[in-house]
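Here the structure comes first, spelled out in structure tokens, and everything after it is commentary.
The values are calculated or read from the model by the stated rules, or taken from the named source; none is laboratory data. The shown structure was predicted, so the numbers you read here are calculated from the model rather than taken from an experiment. Ideal geometry is used to build each Cβ from the backbone, glycine not excepted, and the neighbour counts take in all protein chains shown.
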Amino acid sequence: MFTEYCRHLFVKMSSFVVLNPNVNRSLKNLISLILKLKNITNQKRSNMKKIKLPNTNGNFLPVLFFFLFLYSVTGFSQEKSLYDRLGGVYAIATVVDDFIERLLVNDVLNANPAIKEARDRVPKAGLKFRVTELVCQVTGGPEKYTGRSMVDSHKHLNITEKEWQAMKDDFKKSLDHFKVPAKEQDELFKIVESTKKDIVVSQ
């Protein structure tokens, strides 16, 4: 509601500037350009409720720039979260399912007896559930991770750099399999790399 109010007020103030002959021409051009970029049509402006402009005693520019800034941070340019761009919980769960299945048959990981013991003890459905929770949370979704910390859940596995790279390779294969865009893949791998210090314990 507040964002919509700011948008309406911005349009009213912008119209005032464009029509006021005392305002610098370059500033008028700037406002006109912003109006075009934001795709604000004359029809939308005519349907808006009238909003009374503040009394600025002739010093209109500070107020204008304040609302230009306010509009810029609350306007249409706001990007969706990584969670939303990935498709939400169902899309994430689908990728996680494929990823875990790849890990379970990875020869590099299976050569580690500690990892094999953990897999024999923890049902893969439970592992998929926890990983889905985690990915949803760290990408900006409403789901909350309820498992142990990265340190507590990996410190006894003695994971090496080679095993870490094997895991990343399988993750990449899953992302490519579901055609996750490069931008989102890059963001995901940055998140993955941020956990490395808590997971890899030996070379």
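The table that follows gives values for the structure above.
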| read-out | value |
| --- | --- |
| Qualifying positions in the stretch 95-124 - outside any helix (DSSP H, G or I), in contact with an Asp or Glu (Cβ under 7 Å, 6 or more places away or on another chain) and without any contact (Cβ under 8 Å) to a residue 60 or more places away in the chain | Asn112 |
| Considering residues of the stretch 107-146 that are of a type in the set (Gly, Ala, Ser) and under 22 Å from the mean Cα position of the chain (by Cα) only, the residue farthest from Ser194 (Cα to Cα) | Gly141 |
| Out of Leu157, Leu134, Leu127, sole residue that is in contact with a strand residue (DSSP E or B) (Cβ under 9 Å, 6 or more places away or on another chain), surrounded by 15 or more Cβ atoms within 10 Å (Cβ to Cβ) and free of Cβ contacts under 8 Å to residues at least 60 places away in the same chain | Leu157 |
| Qualifying residue in the stretch 150-157 (condition: more than 18 Å from Asp97 (Cβ to Cβ), under 24 Å from the mean Cα position of the chain (by Cα) and either in the same structural domain as Asp107 (by TED's automatic domain parsing) or not polar (S, T, N, Q) (or both)) | yes |
| Any chance Gly140 is more than 18 Å from Phe99 (Cβ to Cβ) and surrounded by 13 or more Cβ atoms within 10 Å (Cβ to Cβ) | yes |
| Test result for Glu161, touching an Asp or Glu at 6+ places or on another chain (Cβ under 7 Å), among the charged types (D, E, K, R) and modelled with pLDDT of 95 or more | no |
| Members of the stretch 105-124 found to be surrounded by 13 or more Cβ atoms within 10 Å (Cβ to Cβ) and within 25 Å of Leu86 (Cβ to Cβ), listed by number | Asn106, Leu109, Lys124 |
